[in-house]
1. How many residues are under 15 Å from Asn175 (Cα atoms), part of a loop (DSSP other than H, G, I, E, B) and among the aliphatic types (A, V, I, L, M) if we restrict to the stretch 91-133?
2. Given (1) within 22 Å of Lys171 (Cβ to Cβ); (2) without any contact (Cβ under 8 Å) to a residue 40 or more places away in the chain; (3) among the small types (Gly, Ala, Ser), where does Ser51 come up short, assuming only one miss?
3. Looking at the stretch 64-90 only, could you name the residues that are in a loop (DSSP other than H, G, I, E, B) and either closer than 25 Å to Pro189 by Cβ or among the basic types (Lys, Arg) (or both)?
4. Could you grab me the full set of residues in the stretch 22-40 that are more than 18 Å from the chain's Cα centre (by Cα), more than 23 Å from Thr115 (Cβ to Cβ) and in a helix (DSSP H, G or I)?
5. Check the stretch 144-155 and report whether any residue there is closer than 29 Å to Ser59 by Cα, buried (at least 23 other Cβ atoms within 10 Å of the Cβ) and not small (Gly, Ala, Ser).
6. Only residues in the stretch 117-138 that are closer than 25 Å to Gly166 by Cα and modelled with pLDDT under 95 count as the first member; pair them with residues that are buried (at least 16 other Cβ atoms within 10 Å of the Cβ) and charged (D, E, K, R), Cβ under 7 angstrom, at least 6 apart or cross-chain, and list the lot.
7. For the stretch 1-37, what are the residues that are farther than 21 Å from Glu222 by Cβ and in contact with a strand residue (DSSP E or B) (Cβ under 7 Å, 6 or more places away or on another chain)?
Amino acid sequence: MIGSNKRIALVTGANKGIGLEIARGLAQAGVFVIIGVRDAGRATAAVAELSATGLAVQSVALDLTDHDTIQAAAEVIEAEYGRLDILVNNAGIVDAQDGPPTTAAPEAARRIMETNFIGTLAVTQAMLPLLRQSAAGRIVNVSTALGSLAVNGDPSSPYYDARFIGYNASKAAMNMLTVQLAEELRGTPIAINSVCPGYVKTDLTGHTGYMTPEEGARLPIEYALLEQTAVSGRFVEPGASTPW
């Protein structure tokens, strides 16, 4: 049984990469972490890795493209804990058929949008009743500078040439979720922010980043653990705000 003074977090896509390190960091901070993973084998491996160091974690089946699993996960958390204090929307995909608007396969853009935006929206909606039971609910949307309209239109940006219409648009849509939900929840104890971890060496980036997953997890963890005076509706990156 989890005590009322111990925060409970759900981190989606937390079996590897940034998600796994976010789960590790939150657990090290004393949070009980539920890892949302669609593959049972990877879930077992992630829980075993973290539990082996004494961290309090468990897993729940969660596939962003299967809304039945999302609802079932919410029901499991409600039945076992009655609330959720932190939701980290980390899960996301890229697609080999994505690319610039002139050449990207529309089917690839649809697959990406279905997971990265529609799936994130569905998870957020399913978990909101549980977050409302928290004294200080926190939602972290793991975004990217590629989801910034300003960055995509700025020739001086180092990310200017990273044209992936499906992926970039999915993260821009996620950022819209952050802005609108922050306004809808204004005056409540729930804070929501979009957090850009930086360019991290993960499977998603083909391990071409300049930050380790541990380094990339720091800012999402920071915003997940914001105290009572938490900001909301922000788009941030390490050391700065990201332009919308």
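1. Qualifying residue count, the stretch 91-133: 1.
2. (1)
3. Gly82, Arg83, Leu84, Asp85, Asn90
4. Gln28
5. Yes, there is a match, as at least one residue in the stretch 144-155 is closer than 29 Å to Ser59 by Cα, buried (at least 23 other Cβ atoms within 10 Å of the Cβ) and not small (Gly, Ala, Ser).
6. Nothing qualifies.
7. Hits for the stretch 1-37 are Ile2, Asn15, Val37.
Yes/no matrix, rows are residues, columns are (1) of a type in the set (A, V, I, L, M); (2) assigned to a helix (DSSP H, G or I):
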residue: Asn5; (1), (2): no, no
residue: Val11; (1), (2): yes, no
residue: Leu20; (1), (2): yes, yes
residue: Arg42; (1), (2): no, yes
residue: Thr53; (1), (2): no, no
residue: Gln58; (1), (2): no, no
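The values are calculated or read from the model by the stated rules, or taken from the named source; none is laboratory data. None of these values were measured; they are calculated from a predicted model. No Cβ is skipped: glycine too gets one built from the backbone with ideal geometry, and neighbour counts run over all protein chains shown.
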